[in-house]
Amino acid sequence: QVQLVESGGGLVQPGGSLRLSCVASGSVFSIYAMGWYRQAPGKQRELVATIARGGSTNYADSVKGRFTISRDNAKNTVYLQMSSLKPEDTAVYYCNAKTPLVNYWGQGTQVTVSS
């Protein structure tokens, strides 16, 4: 079992920045990739960014150049640095951890971009 706890969401003005954090606990040795997904009201959950155990990253086209995913292996933590935020980035952001058998999800953290 893997437990994920997100933090760092909130209300920010357009053009602003936020950093999300996700701490993993439990069977962290089984995780081969982690990532962030988001779901806006009335829309499907979508990929934001992923980072593999080897460090390779992948981003949705909509966030390339604005968001950066990183991790601290010693702290079992993955981060999402979000800059130049737009109203369309408003969503619940979910942390994801992939293991060979199961995908784990955090409880989600709300990000609202509004003036």
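The values are calculated or read from the model by the stated rules, or taken from the named source; none is laboratory data. These figures come from a predicted structure and were not determined experimentally. Reconstructed Cβ throughout: ideal geometry from the backbone, glycine too, with neighbour counts over all protein chains shown. For accessibility, only protein heavy atoms count, side chains too; no ligands or nucleic acids. Shrake-Rupley method; radii C 1.70, N 1.55, O 1.52, S 1.80 Å.
From the convex hull of the Cα coordinates of the range 21-67, what is the mean projected area in square nanometres? Walk me through the intermediate numbers first.
Details: hull surface 17.6 nm².
Averaged projected hull area, Cα only: 4.4 nm².
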Enumerate by residue number the trypsin sites (Lys or Arg not before Pro) in the range 1-105 meeting two conditions: DSSP loop (anything except H, G, I, E, B), and at most 16 other Cβ atoms within 10 Å of the site's Cβ. Lys43, Arg45, Arg53, Lys64, Arg66
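With the cut-off at 1.5 for a/c, could you classify the range 42-92 from its C-alpha gyration tensor as rounded, prolate or oblate?
Details: a/c = 1.93, a/b = 1.81, b/c = 1.06.
It comes out prolate by the Cα gyration axes.
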Quick one: net charge of Arg38's neighbours, Cβ under 12 Å, K/R +1, D/E -1? -2
Given 10 °C and 1.306 mPa s, how large is the Stokes-Einstein diffusion coefficient of the range 4-43 in µm²/s, with Rh as the Kirkwood radius over Cα pairs? 125
Compute from the Cα atoms of the range 70-115 the Rg and the Dmax, the latter being the longest Cα-Cα distance, and quote both in angstrom. 13.2, 42
To the nearest 20 debye, what is the magnitude of the charge dipole of the chain about its Cα centre, counting +1 on the Cβ of each Lys and Arg and -1 on the Cβ of each Asp and Glu? 120
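Accessible area of the chain with a 1.4 Å probe: how many percent of it is carbon plus sulfur? Walk me through the numbers on the way to the answer.
Numbers: 3030 of 6040 Å².
Reported share for carbon and sulfur atoms: 50 percent.
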